[in-house]
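Asker: Handing you this structure, nothing more for now.
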Amino acid sequence: MSAERAGRSGAPRAPGPRRLAGLLALARAALFWERLWPALWPLSGVLGLFLALALLDFPPWLPGWLHAALLVAFLAAGGLAAARGLTRLGMPGTEQARRRLELDSDLAHRPLAALEDVMAAGTGDRDSIELWELHRRRLSAQLGALRLRLPRAGLAAIDPFALRAAIGLLLVVGLVAAGDDWPQRLKRAVTPELSAFAAAPPAQLDVWINPPAHTALPPLFLTPGEAGAAPLAVPVGSTVLAQLQGGRGVPSLVVGDQKTPFTPVTADTYKVSLEIRAGERLAVEQSGRELAAWGLALLPDMAPSVEFLSPPGRTERAALRLEYLAEDDYGLSAVSALIQRLDDPSVAPMELDLALPGIGLARAQGMSFHDLTPHPWAGLAVEIRLVARDALGQEGRSDPVRTVIPERIFNHPVARALVELRKQLTLQPDRRLPVIRALGDIFGRPDHYFHDIVVALAIRSAERRLLHDPSPEGLAGAQQLMWDTALHLEEGDLALAERDLREIQKELMDALARNAEDAEIDRLIDELQQALDRFLEALAEQLRQQLAEGAEMGELPSNAEMLQSDDLRRLIEQARELARSGARDAARDLLSQLQNMLENLRANPFAQRMDQNSRNAFEMMRDMETMMQRQRELLDRSFERAQNGGQEFQGREGEGERRETNQTITGIKIRENNSGRRLKRS
């Protein structure tokens, strides 16, 4: 007996009555929890599925009767699931709690139940009593290891296909899709449209078509067309916008074979937006009834076309003249010229951007001047092809025309030799040695370039660069140095001034074409004025030198008008005023006339007389000044009459003034048109 007590002294102590009662209560709670989840799963699944559909805004898309039937179905399913769950739900008893403790503690022979047993026989036998007490002590010793495991939901047994995960995923997607609109979606889900027997509000339909932005066409507002009405001419890529208020049911937009449902905005307002790519009919339907329909005639965006109006030519100043005509159905974005060498077609072509007379023009006729004399291809036979592009990037190309890029004629023998060596490098870039030897020979004869140290250093630098730098960049740098040296020998500062003037002219014409800001236009006109002053000063210095060397001025006709520098400055200021007033096209025309004047002036500096083009330009300028002065006088007179209270004569006199102003403007337009015809003939 003492050994048995010693063995029991190291075993876990049996729990007291309070701890045992607490463990039994926890066991009953765990059993209730495990019964609760399987009982609630059908109801929670039905509610979760309905919430997911509501957040996705699915029920309002259904007809009212079907929406109501869906709500009844969910209510019935939820009620049935709740009833079945309640029948399965009950509070576990003490016997079940004991059994749960025994199973979680891995106890054999059910000791908790055995402790409740009583001695049936042998209550008067001492040995039997001691044996019974020993049996109870052994059972109590087993209770020292009592433990309760965490409750288990057991959903896997009643949901083997994991539908709960799919419903949970739908809920997450619905919450993300609903965003801040989730209260309204839930409200729409539980309030079906049941006014089937009530008169629906009349449907108010607004439909309009927005053509693509590059077409520059205004929006087209549609009204329900009559039978046999002509189809609507609509560019491909237009966007149809429709909004409907009232009626019953979700409307649909039908374009050809494509049917697109409207998007609900409020309870009875819907809208839709769709890009039209194909189809011959546009219609709006609601609840199987056609509300409106129109015929469509889709207009494809054709590629632009471009052609030469005259063969590429050479101006008096050795510039390349390109006269072109480009057309596009909606508007041109760019016109350029691709120039390809005929002697070596493997060389990448050169591309020149041609100035457009405006932005987004459907028809553009222009003349572009390009000074390519500094280019290494000057004097080479080439093939020129015009390329026109529209806003979509479509291209139209002209037939190729062969010509020779104008080259500058140099009178100074050393300058002429440098340009010829430069051309040899272009034609045969791998044969540098003969050019290097020729440069060394020129350098060794300083008498030929009057011992000019600048020329000597430039020739030696070009020679060394060709010798020590075999890269294409080294070749291009040497050619540029040889060209600048030739210009320095031939004309000095005049060539640089002429180059700067041409560059600022092109930049200003481009800025006017793209409708740049007034501040940028003013800045470029100021730079043009400064460049013109430098050019005229350099030209005058050259004339003085030529006269000092015995050059003779040509005889002028008796009716010749002298072109003064002040006239050119007035022409530039007039272009500035036109640009500020918004007449950008007129300013471009005036600057184009200025460019023609400078071409003629540079070609024949001794005869500084106005040709027919110059006289036409100045006639236009004087007419514009007269018109602007007349408008200022009319405004002043109107203001004075308003101050003096002469309202009774204001109507008649104002009408006369407007008629007089219109006559003045008409006269200017007639003269401008006549000038244009004279310019074209010349």
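Asker: Looking at the stretch 251-331, which chymotrypsin sites (Phe, Trp or Tyr not before Pro) are DSSP coil and have at most 10 other C-beta atoms within 10 Å of their C-beta?
Answerer: Numbers: sites: 262, 270, 294, 308, 324, 330; in loops: 262, 330.
Sparse-neighbourhood loop chymotrypsin sites (Phe, Trp or Tyr not before Pro): none present.
Asker: At 7 Å along Cα-to-Cβ for each site, give me the label-to-label distance between residue 348 and residue 186 in nm.
Answerer: About 6.4 nm, to one decimal.
Asker: Would you please name the chymotrypsin sites (Phe, Trp or Tyr not before Pro) within the stretch 394-453 that are DSSP coil residues with at most 13 other C-beta atoms within 10 Å of their C-beta? Let's see the in-between values first.
Answerer: On the way: sites: 410, 443, 449, 450; in loops: 410, 450.
Answer by residue number: 450.
Asker: Sticking with this structure for a sec: If you take the beta carbon distance between residue 450 and residue 544 as r and set R0 to 25 Å, what does 1/(1 + (r/R0)^6) give as a FRET efficiency, to the nearest 0.05? Walk me through the numbers before you get to the answer.
Answerer: Details: r = 19 Å, r/R0 = 0.76.
Efficiency computed from Cβ-Cβ geometry: 0.85.
Asker: Something else: Residues of the stretch 404-450: accessible area per residue at 1.4 Å, in Å²? Before the final figure, lay out the partial values.
Answerer: Values: 2670 Å² over 47 residues.
I get 57 Å² per residue for this part.
Asker: Need one number: nm distance between label points at residue 277 and residue 126, each 7 Å from Cα along Cα→Cβ, rounded to one decimal.
Answerer: So the two model labels end up 10.7 nm from each other.
Asker: Which sequence of 126, 514 reflects their accessible areas, 1.4 Å probe, from the largest down?
Answerer: Working: 126 175, 514 130 Å².
Final ranking, largest accessible area leading: 126, 514.
Asker: Ok, one more. Which GluC sites (Glu not before Pro) does the stretch 450-530 hold that lie in a coil by DSSP with at most 16 other beta carbons within 10 Å? Present the calculation step by step, with values, prior to reporting the outcome.
Answerer: Values: sites: 463, 473, 490, 491, 498, 503, 507, 517, 520, 527; in loops: 491, 517.
Sites meeting the loop and neighbour criteria: 517.
Asker: Rounded to the nearest 10 Å², what accessible area does residue 361 have for a 1.4 Å probe in the complete protein model?
Answerer: 60 Å²
Asker: At 1.4 Å probe size, with no ligands or nucleic acids counted, give the accessible surface of residue 363 in Å², nearest ten.
Answerer: 130 Å²
Asker: Working with all protein chains in place, sort 465, 277, 188 by solvent-accessible area computed with a 1.4 Å probe, largest first.
Answerer: Details: 465 100, 277 155, 188 65 Å².
Per-residue accessible area, sorted high to low, gives 277, 465, 188.
Asker: Quick one: go through the stretch 323-344 and flag any residue whose amide nitrogen is under 20 Å from the point 7 Å out along the Cα-to-Cβ line of residue 392.
Answerer: Counting backbone N atoms under 20 Å from the label point, the list is 326-336.
Asker: Estimate the FRET efficiency between residue 471 and residue 503 by the formula 1/(1 + (r/R0)^6), using the beta-carbon distance for r and 22 Å for R0, to the nearest 0.05.
Answerer: E between residue 471 and residue 503, to the nearest 0.05, is 0.20.
Asker: If you roll a 1.4 Å probe over the stretch 265-381 with all protein chains in place, what percent of the accessible area is carbon or sulfur?
Answerer: Working: 2790 of 5370 Å².
The C+S portion of the solvent-accessible surface of the stretch 265-381 is 52 percent.
Asker: Follow-up question, since we're still on this one. Take residue 514 and residue 297, extend 7 Å from each Cα along the Cα→Cβ direction, and tell me the distance between the two endpoints in nm.
Answerer: Calculated label separation equals 3.8 nm.
The values are calculated or read from the model by the stated rules, or taken from the named source; none is laboratory data. Here the structure is a predicted model, which is why all the values come from computation and not from measurement. Here Cβ is always computed from backbone atoms with ideal geometry, including for glycine, and neighbour counts include all displayed protein chains. For the accessible areas, the whole protein counts, side chains as well, though only heavy atoms, and no ligand, DNA or RNA atoms are used. Shrake-Rupley method; radii C 1.70, N 1.55, O 1.52, S 1.80 Å.
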